[in-house]
Number of protein chains: 2
Amino acid sequence: MSLIVHKYGGTSMGSTERIQNVARRVAKWHRAGHQMVVVPSAMSGETNRLLGLAKEISDNPDPRELDQIAATGEQVSVGLLALAIQKQGLKAKSYTGWQVPVRTNSAYTKARIESIDDARVRKDLDDGYVVIITGFQGIDEHQSITTLGRGGSDTSAVAVAAALKAEECLIYTDVDGVYTTDPRVEPNAKRLQKITFEEMLEMASLGSKVLQIRSVEFAGKYKVKTRVLSSLTDPDMNLTEEAQSGTLITYEEDKTMEQAVISGIAFNRDEAKITIAGVPDKPGVAYKILGPVAQANIDVDMIIQNASHDGMTDFSFTVHRNELNKALDVIKATVQPEIQAREITSDPEICKVSVVGIGMRSHVGVASQMFETLSKEGINIQMISTSEIKISVVIADKYMELAVRALHKAFGLES
Amino acid sequence: MSLIVHKYGGTSMGSTERIQNVARRVAKWHRAGHQMVVVPSAMSGETNRLLGLAKEISDNPDPRELDQIAATGEQVSVGLLALAIQKQGLKAKSYTGWQVPVRTNSAYTKARIESIDDARVRKDLDDGYVVIITGFQGIDEHQSITTLGRGGSDTSAVAVAAALKAEECLIYTDVDGVYTTDPRVEPNAKRLQKITFEEMLEMASLGSKVLQIRSVEFAGKYKVKTRVLSSLTDPDMNLTEEAQSGTLITYEEDKTMEQAVISGIAFNRDEAKITIAGVPDKPGVAYKILGPVAQANIDVDMIIQNASHDGMTDFSFTVHRNELNKALDVIKATVQPEIQAREITSDPEICKVSVVGIGMRSHVGVASQMFETLSKEGINIQMISTSEIKISVVIADKYMELAVRALHKAFGLES
């Protein structure tokens with residue numbers, strides 16, 4: 001008998017009818033002999049409704065009170081799901097984050113899990129209960145409720161699976177797995193049977209929004225076998241068939257598996273580029289530019305500094321498109337008087353396209369194949385950045401779909 | 001500087017706009033130099049919405065899970081009210097029942113408060129915070145959330161006031177106090193400036209639904225000065241004026257106050273009468289009849305046993321109208337084979353009308369004046385029951401309004 005954690009998203013919990021489908025699926029797994037822990041999200045729309053009420057009162061609400069309010073969405077979900085599972089004839093008990101307890105730091109609205117006490121849950125499991133635990137939330141040292149931020153229920157589920165040393169964590173969502181790229185851009189995209197955590201991290205952070213990135217980090221760190229699969233399949237479907245659907249995120253490279261060089265093509269059009277041209281190339285210049293930007297709480301993604309000519313260099317970086325104006329204000333007010341750059345330009349009409357694959361480690365020529373493919377399509381590369389398992393380029397926004405499709409084909413990812 | 005507890009009902013918390021009015025009122029009291037604790041109900045309709053979701057899933061839901069679900073309504077309220085009070089420029093902090101903690105027994109959906117720990121709240125008050133505490137709920141020894149049942153927020157407020165030894169507990173509601181009778185039945189009904197707990201208990205249990213009866217018991221037991229007043233008045237109204245509006249429920253008879261013999265006329269049309277005629281008048285017969293009824297969890301209100309004739313007596317009692325059929329089933333199945341009564345009859349078309357007043361103690365003739373008044377109107381009295389401060393009669397349902405108006409006039413209660 002193994003312990004399995006199921007996580008269900010807001011769409012799966014979107015109505016009492018759907019909640020009863022979730023209960024049927026959980027009951028099927030329980031009857032197959034598994035100890036079951038379920039982590040549901042709030043009913044779809046509920047978190048937005050709650051935060052909307054808060055916003056009607058305050059433009060800048062106290063984050064502790066926001067968490068007090070927002071955490072109720074998941075609390076309702078666990079109670080309803082417990083009732084639905086009981087109706088399936090099983091024993092079921094719901095827990096909020098503080099009842100487990102799931103201990104976090106005090107960073108309200110974006111707290112981090114510090115520890116999970118498994119004693120009460122394990123006792124209930126041993127007594128034959130299905131245990132339902134709120135996603136998205138915990139409790140801090142002041143006995144205040146904290147939330148983990150948007151998508152935090154994925155992280156809760158993986159963290160609970162890690163704490164309970166679960167056999168597997170199944171994340172049921174409205175897509176049936178991780179694809180080689182977004183099927184809306186490339187209809188020939190195919191579902192991956194397996195992907196490694198490292199690849200998943202690169203895919204997730206680059207915009208393939210299947211799983212919250214922190215949950216993937218967690219799964220990798222604690223070696224939790226995690227599977228993404230669809231909650232839209234028949235809840236009574238054969239268990240073996242169900243286990244084979246979706247995408248397994250593994251914490252080790254599968255030597256037996258036919259290893260493609262590239263696992264997928266990720267993209268992100270939420271960024272904007274800032275270039276500071278004609279900067280004196282002296283020690284400390286990068287800090288002088290990025291220090292004030294970081295101070296203003298603006299996240300920077302790619303950073304490029306070119307080789308210098310005549311003691312001068314160009315410095316480029318990307319920020320979230322929504323923060324472009326804020327970043328430019330900081331640079332003009334604080335950075336420019338200090339560094340006296342020749343020119344400051346910006347471009348919001350860019351996108352980032354990345355090829356991701358653990359196989360890249362042992363294959364040369366991925367970069368050159370990528371650049372050749374883009375060149376053949378007449379797409380100019382504005383910035384390049386590489387890591388061990390991904391290569392990202394910044395190109396003009398308008399070429400995004402073309403670039404994704406061309407690369408998808410060039411690396412043989414089509415189904 | 002005195003400590004004041006405010007309680008706001010669901011209507012007062014019905015929208016973010018109304019919540020901001022509540023915040024203005026609380027801020028006014030705080031600025032006048034009071035330490036403030038606020039106990040709000042869930043936003044109107046929210047508890048019904050939540051219980052409705054549960055009912056969609058299960059006809060007979062697990063009460064622990066129901067409480068897990070229902071308690072969220074008040075949790076949202078305290079968070080929103082904290083934000084609104086902060087917007088008034090004050091420090092504010094919200095607490096759920098378990099955060100205080102408010103300890104209760106484990107009678108889910110109708111738990112009773114056992115103790116309230118005042119340490120955290122008192123510290124926050126001393127630090128200048130307005131403290132907002134969820135009504136309706138607490139935590140039991142298993143760390144499960146409990147609720148106190150419908151109207152439980154009144155009880156929470158009075159219990160918190162008792163635990164903190166508050167100067168006064170102000171219950172803001174959608175009526176402006178306790179009236180001599182229901183103004184919908186007698187337009188000349190007038191608001192009472194003061195009423196004693198004993199009278200209030202009789203009024204509340206008899207159908208003048210201003211305050212939850214348990215809150216009045218609590219207020220009497222712990223001598224909490226409690227005032228019922230309207231939340232519909234201008235939140236910025238003068239403090240002295242506001243304190244004079246509403247009805248003060250006192251725990252001692254005010255000797256200086258002009259004491260009317262009768263404080264009010266209460267009525268209740270939710271009952272039905274069962275008469276068991278021709279029962280052998282032997283010891284134990286009352287128990288033989290009411291034992292099985294109590295066993296079936298049916299609440300009995302009035303019980304009358306007449307003097308016997310020829311060793312036989314008639315036995316009448318009233319139950320809630322919704323439980324009449326259930327009670328008759330029990331009597332026919334269990335009681336009748338045992339006692340062999342001559343006849344069992346029932347009548348759902350009755351009502352109970354009561355005159356209530358602490359002044360009755362020192363005045364004779366209240367009963368005879370009541371019976372004379374009803375007689376003059378040609379109203380037949382079916383049952384009579386008396387206590388030290390009230391006289392209740394059961395009459396035909398159709399005469400209720402007539403009886404209430406006639407008694408209201410006869411006892412000089414008109415405004």
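The values are calculated or read from the model by the stated rules, or taken from the named source; none is laboratory data. Since the structure is predicted, the reported quantities are computational estimates derived from the model, not experimental observations. Ideal geometry is used to build each Cβ from the backbone, glycine not excepted, and the neighbour counts take in all protein chains shown.
What the table shows:
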item: Matching option when the condition is surrounded by 18 or more Cβ atoms within 10 Å (Cβ to Cβ), away from chain B (no Cβ under 12 Å) and in contact (Cβ under 8 Å) with a residue 24 or more places away in the chain, among A:Arg150, A:Arg103, A:Arg112; result: A:Arg103
item: Residue within the range A:1-10 that is within 14 Å of chain B (Cβ to nearest Cβ) and assigned to a loop (DSSP other than H, G, I, E, B) present; result: no
item: Spans of helices (runs of 4 or more DSSP H) in the range B:300-415 with at least 1 residues at pLDDT below 90; result: B:336-339, B:366-376
item: Test result for B:Ile69, within 10 Å of another protein chain (Cβ to nearest Cβ), more than 19 Å from B:Val26 (Cβ to Cβ), β-branched (Val, Ile, Thr) and in contact with a Ser or Thr (Cβ under 8 Å, 6 or more places away or on another chain); result: no
item: Filter result (closer than 23 Å to B:Leu192 by Cα and among the aliphatic types (A, V, I, L, M)) within the range B:394-412; result: B:Met400, B:Leu402, B:Ala403, B:Val404, B:Ala406, B:Leu407, B:Ala410
item: Residue in the range B:41-65 that is nearest to the chain's Cα centre (by Cα), counting only those that are buried (at least 21 other Cβ atoms within 10 Å of the Cβ) and more than 9 Å from chain A (Cβ to nearest Cβ); result: B:Ser41
item: Residue among A:Ser415, A:Ser385 that is touching a residue at least 12 places away in the same chain (Cβ under 8 Å) and under 23 Å from A:Ile274 (Cα atoms); result: A:Ser385
item: Residue that is farthest from the chain's Cα centre (by Cα) [pool: residues in the range B:153-165 that are at negative phi and surrounded by fewer than 24 Cβ atoms within 10 Å (Cβ to Cβ)]; result: B:Leu164
item: Only listed residue being surrounded by 12 or more Cβ atoms within 10 Å (Cβ to Cβ), without any contact (Cβ under 8 Å) to a residue 24 or more places away in the chain and among the β-branched types (Val, Ile, Thr), chosen from A:Val300, A:Val353; result: A:Val300
item: Some residue of the range B:80-92 being of a type outside the set (Asp, Glu), free of Cβ contacts under 8 Å to residues at least 60 places away in the same chain, over 19 Å from B:Asp127 (Cα atoms) and surrounded by 21 or more Cβ atoms within 10 Å (Cβ to Cβ); result: no
item: Residue in the range B:287-295 that is in contact with a strand residue (DSSP E or B) (Cβ under 8 Å, 6 or more places away or on another chain), within 19 Å of B:Glu202 (Cβ to Cβ) and of a type outside the set (Phe, Trp, Tyr) present; result: no
item: So B:Gly97, is it in a loop (DSSP other than H, G, I, E, B), away from chain A (no Cβ under 11 Å) and within 17 Å of A:Ala71 (Cβ to Cβ); result: yes
item: Whichever residue in the range A:34-91 is among the β-branched types (Val, Ile, Thr) and not in a helix (DSSP H, G or I) and, among such residues, is nearest to B:Ile19 (Cα to Cα); result: A:Val39
item: Residue check, B:Ala277 exposed (fewer than 15 other Cβ atoms within 10 Å of the Cβ) and either under 22 Å from B:Gln336 (Cβ atoms) or modelled with pLDDT of 85 or more (or both); result: no
item: Hey, A:Ile132 touching a residue at least 24 places away in the same chain (Cβ under 8 Å), at the interface with chain B (Cβ under 10 Å from one of its Cβ atoms) and within 25 Å of the chain's Cα centre (by Cα) or not; result: yes
